[in-house]
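The values are calculated or read from the model by the stated rules, or taken from the named source; none is laboratory data. Keep in mind that what you see is a predicted model, and the values were worked out from it rather than measured. Reconstructed Cβ throughout: ideal geometry from the backbone, glycine too, with neighbour counts over all protein chains shown.
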Amino acid sequence: MKTLHIAMTMANTPSVPYFNWFAEEVAKYPEIKFSFICLYHEKPIMIEEMKSFNCDCYWIKFDAKKRKKSMFFALISFIKLYKKIKPDIVHSHLFDDSLPSLIAARLTGIKKRIITKQDTTFHYYYAPKWVWADKFNNFNATNIIAVSNEVSKFVIEKERAQKKKLTTIHHGIPFKYLCKSDEELKKELVLKYELSNKIVIGTIARYIEWKGYRYIIDAAVDIIKKHSNAVFLFISTGEQREELEQLIKKNKLEKNIILTGWIDKKYIPSLYSLMNIYLHAANYEPFGFVIAEAMANKVPIVTTPTGAALDALEHKVNCYMTEYKNPQQIRDGVLWLLENKENQTILTDKAYQKAIEMYQFETMFQNHIKLYKSI
């Protein structure tokens, strides 16, 4: 039996958790082979991670701060690599890896080229001069994966992609890893961030404008007036950190809002177990793994209607849904959950059941395998 060889690419991150999950799962399928290609400015830890799964992993040096120059050299590197490893399918995931990898795949005669639309709308709203390139990626791809219904609609309406190319496959998470808190790690987190006897409201999202942190800060002013022991954990890194620090200082919230910076992924399940509320205020999410993770960990959720939340959650059925850019509704949602604790179990149980139905990793993996084999 001929092995089906898929080359999966990703830019601007040294490690991709769900690539690891793919690598682990594919060991059960001798007829499938994954190779992983990482575009990053320094040698990524993905190289070592993939060795443990007996999967090939390749590094293409890429500096996002020198995008155009890096794109050109990445294209050359992709052409050389594809000629060497000869994949049957190329599967890209973000704009910065998709543009050079899909062009290279076409030039080297790889007939099946898939793009997962994970950073959809960024150019449309924040860098419109690059929208032509999103459309060009859609043209170069033979198949397009939308990670939510919102993405599918956007790609067809705004990027003019051919509907026949579209397949919607929701992201999935492995419950066995992301729902397993550790008591020692919890103690460490409680001590580090002084969370004992506190109401913990967590957000896991990059410090960038469209994640909506400024609206959370505005809402926090009123929330803390009623619940002075509330602590907001902003968990991530990003270019907006300095601006957020200034907003926090301006509103005298230094004791109530903590910018944790990057936290090792081993702590994430334990962080969820410490949260009284998971709060997400993004203006747009193609998917939003963190929503699925919060659902799976039975954390009460306040969120905007986007990505995974829009597809799976309903207001006051399994979450509290707010409008975009609306601090008053964020405040009302947090206070409603804190003051109606008897409803929390009902909401979280329903959200958990929806997560099992829609967002298990095994479902995601099987849908990918089905697509690969069908094309």
How many residues are touching a Pro at 6+ places or on another chain (Cβ under 8 Å) and polar (S, T, N, Q) if we restrict to the stretch 323-345? 1
For the stretch 84-95, indicate whether the set of residues that are assigned to a helix (DSSP H, G or I) and surrounded by fewer than 17 Cβ atoms within 10 Å (Cβ to Cβ) is non-empty. yes
Could you grab the pairs with beta carbons closer than 8 Å, sequence gap of 6+ or different chains, first residue in the stretch 39-51 and part of a helix (DSSP H, G or I), second one among the acidic types (Asp, Glu)? Met50/Asp56
For the subset of the stretch 309-328 comprising residues that are touching a residue at least 40 places away in the same chain (Cβ under 8 Å) and under 17 Å from Ile277 (Cβ atoms), which member is nearest to the chain's Cα centre (by Cα)? Leu313
Only one of Tyr352, Tyr359 that is closer than 30 Å to Thr3 by Cβ and in contact (Cβ under 8 Å) with a residue 24 or more places away in the chain: Tyr359
Test set (1) surrounded by fewer than 19 Cβ atoms within 10 Å (Cβ to Cβ); (2) in contact (Cβ under 8 Å) with a residue 12 or more places away in the chain - Ala127 fails condition number: (2)
So in the stretch 39-65, with the set limited to residues that are of a type in the set (A, V, I, L, M, F, W, C) and closer than 15 Å to Phe78 by Cα, which one is surrounded by the most Cβ atoms within 10 Å (Cβ to Cβ)? Leu39
Of all residues in the stretch 95-122, which are within 19 Å of Gln162 (Cα to Cα) and within 21 Å of the chain's Cα centre (by Cα)? Phe95, Ser98, Leu99, Ile114, Ile115, Thr116, Lys117, Gln118, Asp119, Thr120, Thr121
Go through the stretch 13-38 and give me each residue that's in a loop (DSSP other than H, G, I, E, B) and either at pLDDT 95 or above or more than 19 Å from the chain's Cα centre (by Cα) (or both). Tyr29, Pro30, Glu31
Going through the stretch 329-349 one residue at a time, which ones are free of Cβ contacts under 8 Å to residues at least 60 places away in the same chain and under 22 Å from the mean Cα position of the chain (by Cα)? Thr348
Residue that is under 21 Å from Ala133 (Cα atoms) and assigned to a strand (DSSP E or B), where the choices are Ile60, Ile76: Ile60
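When you look at Ala281, is it within 19 Å of Val231 (Cβ to Cβ) and in contact with a helix residue (DSSP H, G or I) (Cβ under 6 Å, 6 or more places away or on another chain), yes or no?
Judged against the criteria, Ala281 is a match.
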Condition check for Thr116: outside the structural domain of Gly288 (by TED's automatic domain parsing), surrounded by fewer than 24 Cβ atoms within 10 Å (Cβ to Cβ) and among the polar types (S, T, N, Q): no
